[in-house]
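A short worksheet on the structure shown next.
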Amino acid sequence: MTPAEVDPNEHILVVEDDRDLRDTLAEALRLEGYEVVSAEHGEAALRHLRSGARPCMVLLDLMMPVMDGWTLRREMLKDAALAAIPVVVMTAAGAGRAAGVEATVVVHKPLVMDDLVALVEAHCPHGAN
Amino acid sequence: MSATEKRETTVAVERLAPNEVPDLLDLLIEQVVDYAIFVLDRNGNIASWNAGAQRIKGYTPIEIIGQPYALFFTDEDRAAGKPAHILASARAHGRYHEEGWRRRKDGTRFWASVVMTALRDESGAVRGYAKITRDLTERRRAEEEARVAAAERASRQQAELDEREVRRSRDQLDLILRSVAEGVTAQRPDGRLVFANEAAARLSGFDSVAAMLAAPIDEMPRRFEMLREDGTSFPFEELPGRRALRGEATTATVRFKDRRTGEERWSFVSGAPVFDAEGRVEIAVNVFRELTEQRRSEAAWQFLADVSATLGASLDYEVTLKKVVELAVPRIADWCGVDVVEPDGHLEPLAVAHVDPGKLELAREWRRRWPPRPESLAGRVARSGTPELISEITTAMIEAGTPDLEQRRMALELGLRSVMVVPLRVGNETIGVLTFVTAESGRRFGAQDLVLASEVARRASLAVENARAYTEARLAVQTRDNFLAIASHELRTPLSALSVMTTSLVRAAGQGRLLSLGEDALKDRMVKADRQTRQLARLIDRLLDVSRLSTRDLRLERETLDLVEVARDVVSRYEDAAAERGSRIELKTSGETTGYWDRGRLDQVITNLVGNAIKYAPGAAVTVSVSGGGGHARLTVRDEGPGIPLEHQERIFDQFERASPSEDLPGMGLGLWLVRRIVAAHGGAITLDSRPGTGATFSVVLPMR
C-alpha cells in the first residue's frame, strides 16, 4: 500500500530498513485492524510526513541507510506540525545508543507483539472495530 | 817446689858428685831468668832474690830483700788482703797456685803464674815460703789477642748474619708489596716518590715502577683530573697522600679521570704518615685500591634491578624500550639506542639516549640520516640474532663502515670507542636490537659487559613478549565482546520479524480471525517464517565461522580451479537480487585465471564483495572482472554507487567495521575483515579505490600457487 492510498490522519507509520521485519510489522498491525504505511529509511518517511500525512504514531528503527532514525526524529522535532506525533523507537542496539533520541517509548528488539499492540492501542483509534 | 819436682831434680843430679849438687842448685836458682825464684820468711818478707826475679819484677836484691812481698800486689789486691790470704792458704794446704795481675817496680802490671809453697822444718813448723813466679804477660796478650780476634770474628759473622736476615725480610716485604693488588707508594716530605709497587705504577698509568719513580712530582695532577665521588673536583692538597705529608692519616674515594683518553678509574685511597724520632714526617705511605670494577659491577646490578622494575611498570613495549635506553646512559654506555625490526625487515629507530644532552639531537640526527643498513653491525645482529661486541673501534673500521663521507667525518668527530649490539628476541624472532656505544667516557666494553647487555635484552624481550601476550589477550576479549554485541544485534532483527509474525497469527487465531486471512496470505506468512528461520541459521553459522577465525589460523583446502568459474557462480546467484534493486551485474574475463586455491573461501570473498556492491549501491551497475598473467590472477569488483567516505576507508578491513548499516543482507562488519584474511592466507592482497560520488573498486590480487 502506498502512502497516497491511506487516510492521511488515521494510520501508523512503520520506518524499518529490514524488509522482512517491515513487511511483517505492517501485516501484523493490519491484522489487528490498523491502517499502516511503511518506509524503508528515514528519508522516505520524512517525504511522507512532509506531504501532509499525520500518522497517529511512528514505529521507528534507528540504524538505517540513507537517513537513520536519529536524523528523522530531529527533523520531525524541528517541524511544529510533526513534533507532537508519538514516536516508538525500536532498537537492537544497547540502551545507551537509544538514549540519544527523544521518543515516547523505546522498545528493544526482539520485539514482542503484545507490547506493540498495547502501545498502538494507547495512541491510535482502533480501526478494526 | 812440690815433692815430685824435688824428686825429679834429685834424679837429674844423681850423676854428679854429691858435694857438687848444692852448689849447682844455687847456681841454677841464681841464674834462671825465666822464673822469679825467691824465698819469703815466715812473715812474708823477702829473704832471697834471683836473676829471674830481678828481670821480671825490676828490683835489685839490695832494694828488695827484707821488704814485704805484698809490694808485688796491685793496690786493689792489697786492699783486699790478698797477700796475707795467699800465705795463709799455702800454710794451710802446703801449696797455693794462681794466675793474676802483679806489679813491677815501675808500676806496670804483668800477668803472673804464681806458686807458693810453705817450707817446714822436721817438726813441721813453717820456716818460710818458696815462691816461683812466671811472667805470663806475653802469653796472656797472645791469648787475649786470640780471644779478641775470635770475638771480632764471631761478631763479624753475626753482623753478616744479621744483615742477611734484614735483607731477606726486606726482600720479603718488597715481594709482598709488589704482589698485592693495592697500589703502594712512599713519598718523602718534598713530594718525591721513594717507593712504588707494580700495582701503583699500573693504576697510575705508568709503564713501569721505574718510570713512575722517575716522573716529575706534578705528573699525577697533570695526567689525571681528580674528582670526588659526586663528580666535583678533588683539590690536590686535600688528597690523602698530600695530607699524610702534613702528618694526617685519612682515606677517600677518588675518581681519576685521564685527561687524554677520558677514561675514568675509581680508587679508594688511604694516606698515612711515618714519623722520625723527632716527630717530623719522614715518609708518607699511600695505599690505593682499585674500585673501578667493583663500581661497574655495582652499577651493572643496579642497572639490571632498575631495568627489571621499569619493565614491569608498563605494558606498552615502546615505552618500556625507551626507558631501558634511558637507564643505560650513562651507567653502561655513553649512547644507547633501540631499533625495531619492521615487517619488511628493515630497522626503524625507536629511541636513542646520549650521556650529553647537548649531543642527543646529534645522535637523533645521526640515526635519522643514516639508519642502520642491512650490512651494518645492527643489521647483521638483527638478521643473525647473535650479540656482537667491538671492544676497540679503529679508524679503519669507521672508514669501512661509513661509505658516506659526511657520516665518516661525524663518526670520527664523535670519538667512538667501543660498541656492542644485542638482539631482542621473542620466541625465534628478532624483534629489534639494542646498541650500546662508548665515546666520551673512554671505557671499553668487555665480555662482562656483553653478558650484562644480553641479560638486559633478554629481560626486555620477555617484557615485550608479556606485553604482546597481554595486548593480544585484551584484544581477544575485546573481539569477543564486540562479537557478542554485533551478533546479538544482528540476530535481533530477524528474530523480531519471526516473533511478531507468529504472535500476530496466534492473536488472530485467538480472536477467530485466522481463517479470514485466506490460504494465500497464510502461505505467504509461512514461507517468510521459513526463510527467516533459515536466515537465522545461516547467520549463526557465519558467526561461528568468524568466531573461529578470530582465534585460529585460517586453513585452506586448495585445489586447481579457474577463478572465472567461481566468479560466474556468485554472479549468477546474485543476478535476481541485483535486478530486484535495479542493479545489474556484468562479468568480464581475460587471460589465464587457473590457480591453486580454496574454492569455498574464494566464493566467500567474491560473495562478500558482490553482496556489498549491491547492498550499498542500489540501482548502480556492478562490474566483476577476472584477469590473469605474470603468475597472478586479479579480481576486481566495481560499483558505481555513492562511494565510500575517506574516513571509513582506512578501517574498512578491520573487524566489525562497516561503511553503513545493512539492509537486506545481514552485515556484521565482518565481511571485509574475513575477505582480507582469506586473501592474505592465499598470499595475496586486497585494496580499495574509492572517492565519494564515483563508486568503489575492490581489487584482489592472488598468486597462482
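The values are calculated or read from the model by the stated rules, or taken from the named source; none is laboratory data. These numbers come from a predicted model, not from an experiment. Please note: Cβ atoms are built from the backbone with ideal geometry, for glycine as well, and neighbour counts cover all protein chains shown.
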**OP:** Quick one: which residue in B:E455, B:E392 is surrounded by fewer than 17 Cβ atoms within 10 Å (Cβ to Cβ), in contact with a Lys or Arg (Cβ under 7 Å, 6 or more places away or on another chain), more than 19 Å from B:H354 (Cα to Cα) and charged (D, E, K, R)?
**Re:** B:E392
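I'd like the residue in the stretch B:102-128 that is among the small types (G, A, S) and part of a loop (DSSP other than H, G, I, E, B) and, out of all such residues, is nearest to the chain's Cα centre (by Cα). First the steps, then the outcome.
Taking the stretch B:102-128 first, the residues among the small types (G, A, S) are B:107, B:112-113, B:118, B:123-125, B:128.
Remaining after also requiring part of a loop (DSSP other than H, G, I, E, B): B:107, B:123-125.
Numbers: B:G107: 90, B:S123: 112, B:G124: 108, B:A125: 109 Å.
Taking the candidates together, the pick is B:G107.
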Original post:
Do any helices (runs of 4 or more DSSP H) lying entirely in the stretch A:14-122 carry at least 2 residues that are more than 29 Å from B:R534 (Cα to Cα) and within 13 Å of the chain's Cα centre (by Cα), and which ones are they?
Top reply: A:42-50, A:69-78
Original post:
Looking at (1) without any contact (Cβ under 8 Å) to a residue 24 or more places away in the chain; (2) under 19 Å from B:T261 (Cα atoms), which is the only condition B:R373 fails?
Top reply: (2)
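Can you confirm whether B:R513 is closer than 24 Å to A:D115 by Cβ, out of contact with any helix residue (DSSP H, G or I) (no Cβ under 6 Å at 6 or more places or on another chain), surrounded by 12 or more Cβ atoms within 10 Å (Cβ to Cβ) and charged (D, E, K, R)? Please lay out each step first, then the result.
Values: closer than 24 Å to A:D115 by Cβ: yes; out of contact with any helix residue (DSSP H, G or I) (no Cβ under 6 Å at 6 or more places or on another chain): yes; surrounded by 12 or more Cβ atoms within 10 Å (Cβ to Cβ): yes; charged (D, E, K, R): yes.
It is true that B:R513 is closer than 24 Å to A:D115 by Cβ, out of contact with any helix residue (DSSP H, G or I) (no Cβ under 6 Å at 6 or more places or on another chain), surrounded by 12 or more Cβ atoms within 10 Å (Cβ to Cβ) and charged (D, E, K, R).
Do we find that B:T435 is closer than 30 Å to B:E298 by Cβ, crowded, with 19+ Cβ neighbours inside 10 Å and either touching a helix residue (DSSP H, G or I) at 6+ places or on another chain (Cβ under 8 Å) or within 14 Å of chain A (Cβ to nearest Cβ) (or both) in this structure? Before you say what the answer is, go through the steps one by one.
On the way: closer than 30 Å to B:E298 by Cβ: yes; crowded, with 19+ Cβ neighbours inside 10 Å: yes; either touching a helix residue (DSSP H, G or I) at 6+ places or on another chain (Cβ under 8 Å) or within 14 Å of chain A (Cβ to nearest Cβ) (or both): yes.
So B:T435 passes the test.
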Subject >> Tabulated pairs, the stretch A:1-28, first over 20 Å from A:A92 (Cα atoms), second in a strand (DSSP E or B) and modelled with pLDDT under 85, C-beta under 6 angstrom, 6+ apart or interchain >> reply: none
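For the stretch B:65-88, which residues satisfy the criterion of being in contact with a Lys or Arg (Cβ under 8 Å, 6 or more places away or on another chain) and in a helix (DSSP H, G or I)?
So the first thing to find is which residues in the stretch B:65-88 are in contact with a Lys or Arg (Cβ under 8 Å, 6 or more places away or on another chain), and the list is B:69-74.
Scanning the stretch B:65-88 gives B:Y69, B:A70, B:L71, B:F72.
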Original post:
Counting only residues that are at pLDDT 85 or above and acidic (D, E), how many does the stretch B:574-589 have?
Top reply: 2
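Across the stretch B:498-528, which residue is nearest to the chain's Cα centre (by Cα) among those that are in a helix (DSSP H, G or I) and among the basic types (K, R)? Break it down stepwise before answering.
Pass one, the stretch B:498-528, residues in a helix (DSSP H, G or I): B:498-510, B:515-517, B:519-528.
Now restrict to residues that are among the basic types (K, R): B:507, B:523, B:525, B:528.
Numbers: B:R507: 87, B:K523: 88, B:R525: 84, B:K528: 80 Å.
The extreme case among them is B:K528.
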Original post:
Which number in (1) at pLDDT 75 or above; (2) buried (at least 17 other Cβ atoms within 10 Å of the Cβ) marks the one condition that B:G358 misses?
Top reply: (2)
**OP:** Go through B:A463, B:A457, B:A453 for me and flag whichever is touching a Phe, Trp or Tyr at 6+ places or on another chain (Cβ under 6 Å) and in a helix (DSSP H, G or I).
**Re:** B:A453
Subject >> Residues of the stretch B:538-554 satisfying the condition of being exposed (fewer than 11 other Cβ atoms within 10 Å of the Cβ) and at pLDDT 75 or above >> reply: B:D541
Original post:
Mind checking whether some residue in the stretch B:490-497 is closer than 18 Å to B:D339 by Cβ and either within 14 Å of chain A (Cβ to nearest Cβ) or in a strand (DSSP E or B) (or both)?
Top reply: no
Original post:
Within the stretch A:59-67, is even one residue modelled with pLDDT of 90 or more and within 16 Å of A:Y34 (Cα to Cα)?
Top reply: yes
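Are there strands (runs of 3 or more DSSP E) fully within the stretch B:564-652 with at least 3 residues that are surrounded by fewer than 21 Cβ atoms within 10 Å (Cβ to Cβ) and in contact (Cβ under 8 Å) with a residue 40 or more places away in the chain? List them. Explain how you work it out, then say what you get.
Values: elements: B:584-590, B:594-598, B:621-629, B:632-639.
Result: B:594-598, B:632-639.
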Subject >> Count - residues of the stretch A:19-40 that are within 7 Å of chain B (Cβ to nearest Cβ), over 19 Å from B:S516 (Cα atoms) and buried (at least 24 other Cβ atoms within 10 Å of the Cβ) >> reply: 1
Subject >> Qualifying residue in the stretch B:196-215 (condition: part of a helix (DSSP H, G or I), within 30 Å of B:R280 (Cβ to Cβ), at pLDDT below 90 and of a type in the set (V, I, T)) >> reply: yes
Original post:
Can you tell me which residue in the stretch B:443-479 is farthest from the other protein chains (Cβ to nearest Cβ), limited to those that are touching a residue at least 24 places away in the same chain (Cβ under 8 Å) and within 30 Å of B:R542 (Cβ to Cβ)?
Top reply: B:R468
Subject >> Given (1) under 30 Å from B:Q535 (Cβ atoms); (2) of a type outside the set (F, W, Y); (3) modelled with pLDDT of 85 or more, number of the condition A:M1 does not satisfy >> reply: (3)
Original post:
Within the stretch B:501-537, how many residues turn out to be touching a residue at least 24 places away in the same chain (Cβ under 8 Å) and not polar (S, T, N, Q)?
Top reply: 5
Original post:
In the stretch B:513-528, what residues are modelled with pLDDT of 85 or more and either more than 9 Å from chain A (Cβ to nearest Cβ) or on the phi > 0 side of the Ramachandran plot (or both)?
Top reply: B:G518, B:E519, B:D520, B:L522, B:K523, B:M526, B:V527
Original post:
Can you tell me which residues in the stretch B:257-288 are in contact (Cβ under 8 Å) with a residue 24 or more places away in the chain and among the aromatic types (F, W, Y)?
Top reply: B:W266, B:F275, B:F288
